[in-house]
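Asks: Have a look at this one before I ask anything.
Just so it is clear, none of the values below were taken in a lab; they were calculated from the coordinates. Quantities reported herein were computed from a predicted structural model and do not represent experimental measurements. Methodologically, a virtual Cβ is constructed for each residue, glycine included, from the backbone with ideal geometry; neighbour enumeration extends over all protein chains shown.
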Amino acid sequence: MAVKIRLSRAGAKKTPHYRVIVADSRSPRDGRFLERVGTYNPLLPRGHPDRVKLKLERIQYWLDNGAKPSFRVATFLGAADVIPMPSRENPEKAKPKAKAQARLEELTKAEAEKVINFFEENDNAKERLTIYSCTSGYPVPFKDVALLEINNLYEKYGDRVKEIGFSGHHLGIAIDNAAYTLGARWIERHFTKDRTWKGTDHAASLEPDGLRKLVRNLNACYSALTYKISEILEIERVQRDKLKYKK
């Protein structure tokens, strides 16, 4: 039996509210269901704590057992960091043809060179100009983020500009630390109050708590990127005393 996590409508004609239910995918929208796992009241303002209420433990149970959320429910779960925020985009369909792609690549290289030349004419490139590695989409699948382009930017422009950065349009905060360790000295992310809002940018943005976690993780990564100050650190001595064989 294929199981869906979806909405079921309730309420009067002009005052709708919805149940978040687990149901057989063959059941009608407002028919029988297996379990109610939340509510959604679109009449409440965005950000209201009762607008979307979810039983996350039960939803995770059903997800672990193969249930598939509808797109609307998936946006709720994405906003709650249960699953990645879904995208309506079809990146394969949106790709330009081979010749157009080649022209586009040459154009973007020429554009970058033009900008750098402009700053170099006034001897400002090494003091003021930061260039970013970025795949412009909303949101960008991980396979298209192409973090190693940071290395290419360093090879081509590292001695001509002040710094290299990374502008992320991906979901979550899992790969920003990788961009930093590859040399990105500025991390740029979009932020929003609600990732479920309509518009191409919100799904790939971070809410305030996500932004705080990103800063926390980057600071932790910065602290960790060091060499040992001695062969055996003080924190290791206690463990060595416990575990090392002594005659």
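Asks: Where does each of 184-195, 70-81 land if you order them by average Cβ count within 10 Å, highest first? Mind showing how you got there, number by number?
Replies: Working: 184-195: 16.2, 70-81: 18.5.
Ranked by mean Cβ neighbours within 10 Å, highest first: 70-81, 184-195.
Asks: Follow-up question, since we're still on this one. Would you mind telling me the antiparallel percentage of the DSSP bridges in the chain, rounded to 5? Intermediate values should be presented prior to the final figure.
Replies: Details: 17 of 28 bridges.
Counting only bridges with both partners in the chain, antiparallel ones make up about 60 percent.
Asks: When a/c is below 1.5 the answer is rounded, else prolate if a/b is larger than b/c, else oblate, so apply that to the stretch 155-247 with a ≥ b ≥ c taken from the square roots of the Cα gyration tensor eigenvalues. Each step should come with its number before you reach the end.
Replies: Working: a/c = 4.27, a/b = 1.82, b/c = 2.34.
In terms of gyration-tensor shape, oblate.
Asks: Next question. Let me understand the chain better: what is its radius of gyration from the alpha carbons, and its Dmax, in angstrom?
Replies: 24.5, 83
Asks: Also, quick follow-up: Output the relative contact order of the stretch 3-79, whole-number percent, from Cα pairs under 8 angstrom with separation of 6+ residues.
Replies: Numbers: 128 pairs, mean separation 23.5, N = 77.
31 percent.
Asks: Please say if the stretch 1-56 is rounded, prolate or oblate, where rounded means a/c under 1.5 for a ≥ b ≥ c the square roots of the C-alpha gyration tensor eigenvalues, and otherwise the choice is prolate for a/b larger than b/c and oblate otherwise? Walk me through the numbers before you get to the answer.
Replies: Numbers: a/c = 3.24, a/b = 1.57, b/c = 2.07.
In terms of gyration-tensor shape, oblate.
Asks: Further, regarding this structure: Calculate the FRET efficiency for Thr130 and Asp194 from the Cβ-Cβ distance with a Förster distance of 25 Å, rounded to the nearest 0.05.
Replies: 0.25
Asks: What nm value, rounded to one decimal, do you get for the distance between Thr181 and Val215 when each label is placed 7 Å out toward the C-beta?
Replies: Taking the simple label geometry, Thr181 and Val215 are separated by 2.4 nm.
Asks: What order do you get for Val52, Val3 when you list them from fewest to most C-beta neighbours inside 10 Å? All intermediate terms of the calculation are to be shown ahead of the outcome.
Replies: Values: Val52 23, Val3 19.
With the sparsest Cβ surroundings first, the list reads Val3, Val52.
Asks: Let me see the P(r) profile for the stretch 91-224: every Cα-Cα distance counted, bins of 10 Å, each bin given as a percent of all pairs.
Replies: Calculated P(r), rounded to whole percents: 11, 35, 35, 18, 1.
Asks: Given Lys68/Lys198; Lys213/Lys242; Lys193/Lys213, which pairs have Cα atoms separated by over 24 Å? Please report the intermediate quantities before stating the final value.
Replies: Values: Lys68/Lys198 22 Å; Lys213/Lys242 35 Å; Lys193/Lys213 15 Å.
Violating the 24 Å Cα-Cα cut-off are Lys213/Lys242.
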